[in-house]
Each structure stands twice: as structure tokens, then as C-alpha cells.
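Have a look at the structure below, then the notes.
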Amino acid sequence: MPQIGLVSAVNLRVQGSSAYLWSSRSSSLGAESRDGCLQRNSLCFAGSESMGHKLKIRTPHATTRRLVKDLGPLKVVCIDYPRPELDNTVNYLEAAFLSSAFRASPRPTKPLEIVIAGAGLGGLSTAKYLADAGHKPILLEARDVLGGKVAAWKDNDGDWYETGLHIFFGAYPNIQNLFGELGINDRLQWKEHSMIFAMPSKPGEFSRFDFPEALPAPLNGVLAILKNNEMLTWPEKVKFAIGLLPAMLGGQSYVEAQDGISVKDWMRKQGVPDRVTDEVFIAMSKALNFINPDELSMQCILIALNRFLQEKHGSKMAFLDGNPPERLCMPIVEHIESKGGQVRLNSRIKKIELNENGSVKCFILNDGSTIEGDAFVFATPVDIFKLLLPEDWKEIPYFQKLEKLVGVPVINVHIWFDRKLKNTYDHLLFSRSSLLSVYADMSVTCKEYYNPNQSMLELVFAPAEEWISRSDSEIIDATMKDLATLFPDEISADQSKAKILKYHVVKTPRSVYKTVPGCEPCRPLQRSPIEGFYLAGDYTKQKYLASMEGAVLSGKLCAQAIVQDYELLVGRSQKKLAEASVV
């Protein structure tokens, strides 16, 4: 792949014939000296909290952080690759058409007021496209931060920590359209077209799947697999290819039929050796749904393979250039508000109040206030919605099926080290350890987090069910033991090598729904059987996974259902006004 692009988030300083780098973020965090180096006197963390988990200093070394004055000649350590050609793919055009339908729809004579609970990507997407169609969304968020599962916080030192390690794939057409519609395509930092796996049997080494630029899909993916001889042998590759033949020949109907079987059982049924599952699909399962192959539905894997291998750039990855609430969510909010919609933080819903006929009368907030509207949407995680489900609705099959949809626990770990780690890449890395799923050195991959002298590793700790109730220090100790195998020359569990300056542990007891066999029939359509009530969220029915793409698409489908129901909803509103006037 041609090595062209832009250096990520660095400032250049020329002295004589040499150029030096320092973090572009540093000047906002402390006093900058005349020679362009930042000197920090102290860090104040005592009051910082993350989801109830306090930030902790691990070593005395955390009291002082200084950037090295002489950084040496300029060395490009991270490259932004050009945005891939996504705009002419079938899925992208389909997503673009759906987006355009909202803008092109007839302007409503009476804009609907739609109350939406939850300012994650599902709720933000719903509100955005309803606003595009000329309606007035009122978006309520319980917390003081946007983003839901992509939320992030800034600590007292000015550093960001996130709910998860978020990757934007080329095979996310609705996400890609959204970035374009908001005019923020430049905020995605595209990486080289590769998938990089750690080698547990060879500590400190990696195995790559490199997708050749010159070949179309799926040949580029096939060649990437065939060229990798470190993880699978040729006999294993052949058996795996034969095992996948039914999926390739059976199409979408075959993929949907595999919901009832786990990845591990499907592989064995197809005669694929267990080592293929151990070498490749444990890592893939944990990355997709934070669980192991013996629990994950095979449908989830087949959907991912279909999306990633059928498009030339489907598996190409991009990082957001900074924290999600400001760099992604705020542009959506600004768009919504520019069209007359509202977004309210710190607006937690206490109860869904019903009319006598079982429809929604209003949302009652924790402060006792009420919010009424022409239609209502719940775009929270499924577990939160189930807690607020009205008693009168619990016997309705549409809602009863939700009982099988349960969020999976996940832990996101951030560790700031006192030095720049060398055994890493400007990319997402699959750890292939028993505890860690994927990780990245965010000081290299992300512009806003860029630091030429120190590394910040962001890691997904999964499966996390046995760890979610454990202390932060236990989780960090376990993480450091695993990192010692990934960085044998640089990290040791006792910190005799790289020292921890600070860390954050963000626990999400219920994240995306656990995609176990038999879940697919339980996923609800966005339009509920309750007139004027709708659902959005990646757990609702849409053709993508429990992902950011699934959340955005669910919001578009929810908005589409409301626009289609316009006459019905206007009629309900007029009837309600007439009844009120009679009283």
C-alpha cells in the first residue's frame, strides 16, 4: 500500500537542519517553555471519578511528568491513509438513499414533537433524521455526557478515557454517510488495510493479514488469509475454506439460519479443526461481542465475514481523531438544534406514564417534571428499557421476547506509561490472550491523544463477567501480567520496566446485547405494537451487528417508521387536543 498521508497531530519545530516533534495537546495542559517543551509540576487526581471508580496513582513516578527536550530528528510514526473509495458500494448507496429520503420528504404541515430517551448513537441518529424530515425531536439523556456506549470523560489532568475502544470500518455504510452528511469525514483516521494478531506462542511477535490494494473483494481477503502462514497451516486453511462453502453458496438465508448454533459447534459440524477456532475465532468473537466462541452465535461471525469480505474496503479500519462526545456526538447535536430540535442532558426518566388505552401519556423525569409529545422513542440499552417497562405491557409478546436479550459485561482499561512503548503499531491489535480482546496505543493512533514520549494503551478486557465486580487494582494487575507477554522487553508485571503513571478502569455491567444462539427472533422491530411508541438501539432489528453501525441504522429505521406513521400520529394528537378541550 502506498505510504502517503498526513502526520497525525504533531507540531514541527525546526532548529538548524533538524525538525523536532512535541504533542499538539500539551500546550493546553500546562506551561510551555521557550524551547517548546512542556514542564509539568504536578498532577491532581483526587477528585476524579469514572463511573464511580476513582482514578488511582500507582507509583511515585506519577507525581512528575516531563517531556524530553531533545527528541531527535523528525520521524513519522503515524500516518493517516487516504479515505478509501466507499461511495460507490451498493451498501453505501443504499444508506445514502435512505438518508436522502428524510431530506426529500414533504415538509409536515404540523411538525411532530418526538420525545426520545437516550443520547447514544441510536437516539442521536433517530433525532438527526427526524429533524432532517422537518420534525422536532426532544432528546433526553440521563447522564451529563453524550454518546451512551461511546461516552468519554476528561480527567483532572486533561486526558480522556472512554467507554470502549471504538473502530470505524469501511463496511459501516450508515456511519460513513453520517460523517459525510455532517461534513466531518476528515475526523476519521484511516489505517493501513491489515489485521494484526499477537502470537501467544511467540511473546512480543505479531502475525499480519495484509489485504492487497490491487485486488477486488473477496480476492483481497482470500489472498490475505492464504499469505499468512504463521497462524494456520495449509491443511487447516483448506478445511476452513471447505467449511465456509455452505455460507458462501447459501447466501443470506443460510446466514440467518445459523443463529441457533454457537461458533464452536458450527466449526466442529463443518469439520473445521479446533485449532482454527483457537487461533482466529476466539479473538474475533471477543472483538465482536466480548464473549468466547462457545457462547457466540455463528450468525454473528457470518454476518461480519459477509460484510468485511464482500467489499474491497469492508475490513479497513479507522480511528476517530479524538474523543467521541466532542468529535462525533456534538456535531450531531448541533445539527439537530440547528433544525429546531432539543437535546437535554441530566434528564433521567423515572417512569413511562400511560393513558387508559395503554398508549404513552408522558415520560416522568426524576425531578418530577413530565415531558409530553406526539410520539415517544426509547433508545436506551435494552436492559434499561426493561427496568422501566410498564406493567401493562409485560404480557405483550413483542416485549416478552426482550427478556432473552441481556447486555454483556465489558471493561475498558486505560494505562498511561512513563515511556514510549516500541512493540506496537499505528493500528488496532488483537491480543489473543485469555483476558484481553483488542488494544491500541492511543498515543500513536489518535491525533488528540498523540504523545511522542509516553504511551497510553487502551484495552478491552473481555470476557469480563467474572471480573466486573473485582477491584480496579486486581484488573490492572491481571492486565499487566498479560501485557508482559505482549511487551516482554518493555513491560513486566511488577513494573520493574515501564512504570504506570496512572490508569482508568471503566466498567459497563451491561453493554451490547449478548449475541448467544437463539437471540435473533427476539430482536424487536423499531415500530412497537403500542401506537406512537418506538424503539431504537443496536439490539433492535437491523441487518448489522450489535455495533455503532447497527445503532445508527436502527435510528434511521426508527425515524423512517415515525415519518411513515405521520398521518396516524397527527390524528392521535388532534384527538387528544379535542378530548382535552371537552374536559
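The values are calculated or read from the model by the stated rules, or taken from the named source; none is laboratory data. Computed from a prediction, not measured in an experiment: that's the story for all the values here. Don't worry about glycine lacking a Cβ; one is built from the backbone with ideal geometry, like all the others, and counts go over all protein chains shown. Side chains are part of the model used for accessible areas, which takes the heavy atoms of the whole protein and leaves out ligands, DNA and RNA. Shrake-Rupley method; radii C 1.70, N 1.55, O 1.52, S 1.80 Å.
Quick look at the values:
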quantity: Option label - mean projected area of the Cα convex hull in nm² computed here, alternatives (i) 47.6; (ii) 28.1; (iii) 25.3; calculated: (ii)
quantity: Calculated FRET value between GLU520 and ARG103, using beta carbons and R₀ = 41 Å, to 0.05; calculated: 0.80
quantity: Note, ³J(HN,Hα) from phi for segment 509-515, Karplus 6.51, -1.76, 1.60, rounded to Hz, x at Gly and Pro; calculated: x, 9, 9, 4, 5, 6, 7
quantity: GLU474 accessible area, assembled protein chains, probe 1.4 Å, Å²; calculated: 80 Å²
quantity: With every protein chain in place, segment 373-421: carbon and sulfur % of accessible area (1.4 Å); calculated: 56 percent
quantity: For peptides 437-444, 144-151, sequence by mean Cβ density within 10 Å, most packed first; calculated: 437-444, 144-151
quantity: Among 424-432, 367-375, the order from most to least packed when residues are scored by Cβ within 10 Å on average; calculated: 424-432, 367-375
quantity: Contour minus Cα-Cα distance for LYS350 and ASP367 (0.36 nm per residue); calculated: 5.3 nm
quantity: Nearest-10 value in Å² for the accessible area of LEU86, using the 1.4 Å probe; calculated: 10 Å²
quantity: In degrees, nearest ten, helix 234-257 long axis to first principal axis of the chain (Cα); calculated: 10 degrees
quantity: Unit charges at the beta carbon, dipole of the chain: most positive-side option, VAL333, LEU569, GLN252; calculated: VAL333
quantity: Karplus-derived HN-Hα couplings along segment 321-327 (A = 6.51, B = -1.76, C = 1.60, θ = phi - 60°), whole Hz, x at Gly and Pro; calculated: 7, x, 6, x, x, 7, 8
quantity: 5 angstrom amide H check on VAL377, placed H, neighbours 5+ away; calculated: VAL115, ILE116, ALA117, TYR534
quantity: Set of aspartates and glutamates near LYS227 by C-alpha distance (under 18 Å), chain-local residues within fewer than 8 positions excluded; calculated: GLU192, GLU205, ASP210, GLU213, GLU236, GLU279
quantity: Probe 1.4 Å, protein heavy atoms only - accessible area per residue of segment 211-296 in square angstrom; calculated: 48 Å²
quantity: Of all DSSP beta bridges in the chain, antiparallel share, percent nearest 5; calculated: 75 percent
quantity: Accessible area per residue, Å², segment 373-477 with all protein chains present, probe 1.4 Å; calculated: 33 Å²
quantity: Segment ASP383-SER359, length gained on full extension (0.36 nm per residue, minus Cα span); calculated: 6.5 nm
quantity: Cα-centre dipole for segment 139-287 with unit charges at Cβ (Lys and Arg positive, Asp and Glu negative), debye to 20; calculated: 580 debye
quantity: Whole-Å distance, taken between Cα centres, linking segment 513-583 and segment 280-356; calculated: 17 Å
quantity: Per-residue HN-Hα couplings for segment 443-453 [Karplus 6.51, -1.76, 1.60; θ = phi - 60°; Hz; x = Gly/Pro]; calculated: 6, 10, 7, 10, 4, 5, 9, 4, 8, x, 10
quantity: Long-range amide H partners of VAL343 with built H, under 5 Å; calculated: LEU139
quantity: Modelled FRET efficiency - R0 41 Å, GLU326 with ASP489, Cβ distances, 0.05 increments; calculated: 0.70
quantity: Sequence-distant residues sharing a close amide H with GLN189 (under 5 Å, placed H); calculated: PHE319, LEU320, ASP321
quantity: Per-residue [θ]222 nm for the chain (sum of -39500 (n - 2.57) over DSSP H runs n ≥ 4, rounded to 500); calculated: -9000 deg cm²/dmol
quantity: Length released on extending from LYS481 to GLU213, taking residue separation times 0.36 nm less the Cα-Cα span; calculated: 92.8 nm
quantity: Computed magnitude of the charge dipole of segment 350-455 (debye, nearest 20; Cβ of K, R +1, Cβ of D, E -1); calculated: 680 debye
